[in-house]
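Everything below concerns the one structure shown next.
The values are calculated or read from the model by the stated rules, or taken from the named source; none is laboratory data. Because the structure is predicted, anything quoted here is derived from the model rather than measured. Positions of Cβ are generated from backbone atoms using ideal geometry, with glycine treated the same way; all protein chains shown enter the neighbour counts.
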Amino acid sequence: MILSQDGFQLELIHLRNQTLQPGQFLIKQDVYQSVKDRAKKRGRRVLGIFHSHPIGEAIPGPGDIKSATSGSLMLIYDVCGREAKLWKIRKLRGHRRAAELVLDTSEEAVAKLPRAADK
């Protein structure tokens, strides 16, 4: 899951896949809610989910978009291409769509982030 305190710096929480279906990933509602509750207690909010595509590009497929919440973020990592892309899921004309966002992981951008010791 993707959490944030300020909306800019993202924190990733790894969750175990709860399905045995190959090529699918499932987070049960009670697990999602538990993480959401713990995040809130820590002053963070859930912005979305992240996962990898072991044999495909970092582009959300129809199943990814269908299962996503409108307004949420989706971070996808292309394992073969070693590239991550960040998407915002929006509802347009009754259908969910994914719009790619800028994901700046340059050394310059990372250097500008506040350090934990500075907070």
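Taking residues in the stretch 53-74 that are without any contact (Cβ under 8 Å) to a residue 40 or more places away in the chain, and partners anywhere that are in a loop (DSSP other than H, G, I, E, B) and exposed (fewer than 13 other Cβ atoms within 10 Å of the Cβ), the pairs with Cβ atoms closer than 7 Å and at least 6 places apart or on different chains are 53/79; 54/79; 55/80; 57/81. Consider residue 48 carefully, then state whether it is surrounded by 13 or more Cβ atoms within 10 Å (Cβ to Cβ), out of contact with any Gly (no Cβ under 6 Å at 6 or more places or on another chain) and at pLDDT below 90. Against the criterion (surrounded by 13 or more Cβ atoms within 10 Å (Cβ to Cβ), out of contact with any Gly (no Cβ under 6 Å at 6 or more places or on another chain) and at pLDDT below 90), residue 48 does not qualify. Selection of the stretch 84-119 for residues being at pLDDT 90 or above, surrounded by 11 or more Cβ atoms within 10 Å (Cβ to Cβ) and of a type outside the set (Phe, Trp, Tyr) yields 84, 85, 86, 88, 89, 90, 91, 96, 97, 98, 100, 101.
Taken together, 7, 71, 23 contain a single residue that is out of contact with any helix residue (DSSP H, G or I) (no Cβ under 6 Å at 6 or more places or on another chain), at pLDDT 90 or above and on the phi > 0 side of the Ramachandran plot, which is 71. Being more than 14 Å from the chain's Cα centre (by Cα) and not in a helix (DSSP H, G or I) narrows it down to one of 7, 43, so name that one. Testing whether each residue is more than 14 Å from the chain's Cα centre (by Cα) and not in a helix (DSSP H, G or I) leaves just 43.
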